[in-house]
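Have a look at the structure below, then the notes.
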Amino acid sequence: MKPESRELPLETMELQMGPSHPATHGTIKFNLKLEGEKVLDCEVEVGYLHRGFDKMCEQATWTQVIPYTDRLNYVSPLINNVGYALTVEKLLGVEVPPRCQFIRVIMSEISRITDHLTCCGMSASELGAITAGFYMIEARELLMRIVEVVTGARLTISYVRIGGVKHDLPPDFAEQVTQAFRKIRKLLADCDRLLARNRIFIDRMSGVGVISQETAIAYGLTGPILRSTGVSYDVRKAQSYLVYDRLDFAVPLGTKGDNYDRFVCRIQEIEQSMRIVEQALQTMPLGAVSLDDPSIVLPEKEKVYNSIEGLMHHFKIIMEGIQVPPGEVYFAVEGGNGELGFYIVSQGGGRPYRVRVRPPCFIAMSAFHEMIKGYMVADIVPTFGMINMIGGECDR
């Protein structure tokens with residue numbers, strides 16, 4: 001006689017993942033509802049790194065805000081600098097010289113490459129492909145050294161100024177970039193051989209964290225996450241700024257909107273960014289790198305240190321601030337994670353009245369529960385990795 005078959009009782013378990021967890025990087029917590037290892041729902045808690053960026057900016061002069069922008073997405077700080085400077089310049093009604101525009105594009109794209117290399121390298125490492133992670137961090141280091149030569153710093157660089165950049169590129173800059181790109185392409189080819197036909201990597205990434213075009217658009221997602229669904233939206237193309245409209249580059253797209261498509265989009269964007277930098281270096285004109293307007297641009301350090309006029313000029317812009325006319329403006333650039341926008345209100349005078357940031361990875365985290373629902377606990381790690389949440393940008 002057959003024993004009576006009974007279904008095992010199903011029990012919903014609530015589990016907290018993070019913030020003290022290797023994959024959440026100590027800045028986020030997932031409140032999970034699980035059925036076994038299947039994720040039924042996920043409530044995301046952010047704010048563990050909150051530093052009040054928006055309100056801090058309202059206590060500083062326009063120029064003093066620039067170091068704060070470094071600390072938004074601190075993996076690609078130059079893009080934050082450029083986005084903020086362009087917003088203030090739009091409010092001032094000024095345009096920087098052509099050479100400065102090219103320099104801003106070049107440094108932004110180098111910053112984008114370091115961002116994507118960090119994201120893809122760490123995501124591969126978290127899935128066990130630590131060799132690929134080491135290769136990508138080696139590639140990033142080549143560019144970080146160039147950034148250090150140009151700006152004097154590795155991470156919090158404060159290189160861009162309202163009305164220009166701090167100083168011109170070094171004489172051998174093009175040669176350094178050419179050598180670095182040659183090595184990076186070789187390292188990425190090695191990573192491709194390690195990952196493109198790796199059964200474990202593909203099984204962990206492909207068909208996981210899927211989000212549809214409609215859902216992505218409804219949540220306001222941008223950047224590689226939106227483009228992985230097949231939507232061709234890139235701020236550099238849609239609302240072209242600086243000299244992007246003069247440069248030839250493609251916008252890589254995915255088809256399924258899964259983690260693998262996001263990974264491939266970022267890797268392909270690295271190549272497109274290298275193309276942009278190479279074209280810009282070939283066509284960049286000579287000339288000034290800042291506006292010739294002492295009411296906006298800080299004096300050179302040599303004048304500050306060696307003349308009373310330079311010291312007074314510096315003191316006036318830093319302490320009293322650039323006199324920005326009343327008004328409000330929004331300006332967006334293409335950040336490493338998507339549309340990075342600054343909304344600024346001025347009442348006239350040397351300090352912003354209101355500053356608000358549109359941080360792309362904060363918006364992406366609002367859709368995280370849509371990406372992970374129905375998948376396994378282990379799928380949280382690659383899905384969160386491919387969102388590329390940077391604490392400073394998300395929590396501001």
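Where a number appears in this text, it was derived from the coordinates with a stated rule and is not lab data. Quick caveat: nothing in here was measured; it's all calculated off a predicted structure. All Cβ positions, even for glycine, are placed from backbone atoms using ideal geometry, and neighbour counts span all protein chains on display.
Each residue of region 159-171 was assigned a 3J(HN,Hα) from its phi angle through the Karplus expression (A = 6.51, B = -1.76, C = 1.60, θ = phi - 60°), giving 8, 7, 10, 5, x, x, 10, 4, 7, 6, 6, x, x Hz with x at Gly and Pro. In summary, the aspartates and glutamates within cross-link reach of residue 186, defined as a Cα separation below 14 angstrom excluding same-chain residues under 8 places away, comprise 138, 271. Taking the longest Cα principal axis of the chain as reference, the axis of helix 130-151 is set at about 10 degrees. The aspartates and glutamates whose alpha-carbon is closer than 15 Å to the alpha-carbon of residue 55, local same-chain residues fewer than 8 away aside, are 393, 395.
A DSSP coil position with no more than 16 other Cβ atoms inside 10 Å describes none of the trypsin sites (Lys or Arg not before Pro) in region 286-348. Remark: for residue pairs 33/256; 29/373; 29/256; 256/373; 90/166; 166/316, the C-alpha separation exceeds 22 Å in 33/256; 29/256.
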